[in-house]
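Input: a single structure, listed below in structure tokens.
Readers should treat all values here as calculations from the given coordinates under stated rules, not as data from a laboratory. Please read all numbers here as calculations on a predicted model, not as lab measurements. Every residue, glycine among them, receives a Cβ derived from its backbone with ideal geometry; neighbour counts consider all protein chains shown.
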Protein chains: 2
Amino acid sequence: MKISYFVILIVTTIITTLTIFQLPVRPRSPKKKPMVRLARLIIDSMQLESYKSFLKEEIESSLRLEPGVQSLYAVTEKNNPTHITILEIYADTAAYQLHIQTPHFLKYKTGTKEMVKSLELVETVPLIPEMQLKHE
Amino acid sequence: MKISYFVILIVTTIITTLTIFQLPVRPRSPKKKPMVRLARLIIDSMQLESYKSFLKEEIESSLRLEPGVQSLYAVTEKNNPTHITILEIYADTAAYQLHIQTPHFLKYKTGTKEMVKSLELVETVPLIPEMQLKHE
């Protein structure tokens, strides 16, 4: 009987301690803050096809090889085909920092240096942050 | 023996005919052409929060209820919070036509009429058309 009371006391103490100090019984998954950006580019019209093939290869490699690259969706404007917008979603800024050191990104960056007439990088806040895009 | 030869002749004739005229043995799935657009909006700063809640509701309803709405991804610019860009992907133009007749779209459209200072709809061509975005 004495032992039973002792066990109850110990268990109660542990539960109380965990509750008060909110000790993680299960490790919480760290909440990553996605980095969402719009890249707006204007490309030299004489080199547009070459630029697009560089970009296509870079996007396909990034999505295949980098779990932290959640989305790279590029469009050209119908009325201004040299105007390109890319919606870029990275798991967090660390994933982005890794991305810009990859061989496929560096190949794209150096290969297209003379093709890009203008590059605007617009930092954004997603309207629905919990929404994730997955490529198929 | 005679019948066997006859059967072989018939089968060969059918296969040859199908090959030459490329008759669909199995019906081909019709290839839909996605409609991809960028909407660029500037919102009245005094009504920004109200506008965002209208848009959030509209996007969530569209993705839940309309299989033809493949993506609606909205961002606000960090340096210009009243500047909003939405990447819109519909399965095809028919899906878009259905979308703009839905009650949730009409509620958004009429509810935000006085909040939108500028709306630019930019028709685009995706760089990688076979790439699909799925929300999670």
Note, B:Leu65: beta-carbon cut-off 13 Å, +1 each Lys/Arg, -1 each Asp/Glu, net -2
Whole Å is fine, so just give me how far the alpha carbon centre of the stretch B:51-103 lies from that of the stretch A:60-136. 21
If amide H atoms are built 1.01 Å from N in the plane of the peptide, which residues on other chains or at least 5 residues away come under 5 Å of the amide H of B:Ser71? B:Ile89
Can you give the average number of partner chain beta-carbon atoms within 10 Å of each beta-carbon in peptide B:53-61, as a whole number? 1
Measuring label to label, 7 Å along Cα→Cβ, what does A:Arg40 give against each other copy in nm, shortest first? 0.4
List the distances, in nm and shortest first, from the label point of B:Glu77 to the matching label points in every other copy, placing each point 7 Å from Cα along the Cα-to-Cβ direction. 1.3
About the Cα centre of the stretch B:35-124, how large is the charge dipole given +1 on each Lys and Arg Cβ and -1 on each Asp and Glu Cβ? Please answer in debye to the nearest 20. 120
For the stretch B:71-136, state which chymotrypsin sites (Phe, Trp or Tyr not before Pro) are in a DSSP loop and have at most 14 other beta carbons lying within 10 Å of their beta carbon. none
How many partner chain Cβ atoms sit within 10 Å of a residue's Cβ in peptide B:71-81, on average, as a whole number? 5
